[in-house]
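> Sharing a structure here in structure tokens format.
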Amino acid sequence: MKLSLIIAWLFSFPLSGYAQNVKDMKTNQTSETEIRNVIENCYFKGIYEGNTELLAKAFYKGVLLFGDVNGVSYFKTSEQYIEGVRNRVSPEKSGKEFKAEIISIDIINSIAVAKLNVKMYDFNYYNFITFNHIDGKWLIINKTLTNVQP
């Protein structure tokens with residue numbers, strides 16, 4: 001009798017609520033594609049070419065950047081960061097190696113975190129970039145970085 005009650009009780013729970021929704025899966029695939037597009041075509045390309053208009057398209061206004069470069073604390077607003085990119089010789093024009101890759105992207109609902117590696121000049125930067133889906137676009141809302149010595 002107890003076994004019958006337990007089995008009846010277990011079958012009363014909807015099993016479909018725990019399966020991954022195909023609609024959500026498509027949304028995540030679309031979101032990942034959109035985030036990759038922002039990273040590759042605005043962020044990486046903007047850094048490489050020194051194209052600050054393109055780079056600015058990736059950031060939400062007033063974003064903060066934190067980290068350390070060779071043990072020295074780093075703090076800037078996105079506007080200060082973009083201005084620094086504007087005032088330096090771009091990796092493209094310098095002729096020095098530039099290699100940028102997306103290591104991972106994790107997405108949950110309207111937020112995402114991307115782990116990136118950017119090698120330029122004599123730096124080997126690891127970035128953790130936080131995105132938020134705002135007004136139909138994925139935008140960078142925070143950036144942390146560090147330079148890793150070989």
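Nothing in this text is a laboratory measurement; each read-out follows from the coordinates by a stated rule. Given the structure is predicted, the values throughout are model-derived calculations rather than measurements. Cβ placement follows ideal geometry from the backbone for every residue including glycine, while neighbour counts extend to all protein chains displayed.
> Between residue 40 and residue 104, what is the label-point separation in nm under the 7 Å Cα-to-beta-carbon projection?
About 2.1 nm separates the two model spin labels.
> Sticking with this one: Pairs 57/93; 45/76; 61/96; 45/137: which exceed 25 Å Cα-Cα?
On the way: 57/93 22 Å; 45/76 20 Å; 61/96 30 Å; 45/137 18 Å.
From 57/93; 45/76; 61/96; 45/137, over 25 Å: 61/96.
> Next question. Under a point-charge model restricted to the Cβ atoms of Lys and Arg (+1) and Asp and Glu (-1), what is the dipole moment magnitude of the range 20-147 relative to its Cα centre, in debye to the nearest 20?
Charge dipole of the range 20-147: 80 debye, to the nearest 20.
> Another question about this same structure. Would any residue of the range 115-150 have its amide N under 18 Å from a label point 7 Å out along Cα→Cβ of residue 96? List them or say none.
Under cut-off, by backbone N: 117-127, 146-150.
> Quick check: residue separation of residue 69 and residue 49 times 0.36 nm, minus the Cα distance between them. What number comes out in nm?
5.0 nm
> Take the Cα of residue 89, step 7 Å along the line toward its Cβ, and report every residue of the range 101-144 whose backbone nitrogen sits under 13 Å from that point.
Residues passing the 13 Å test: 121-122.
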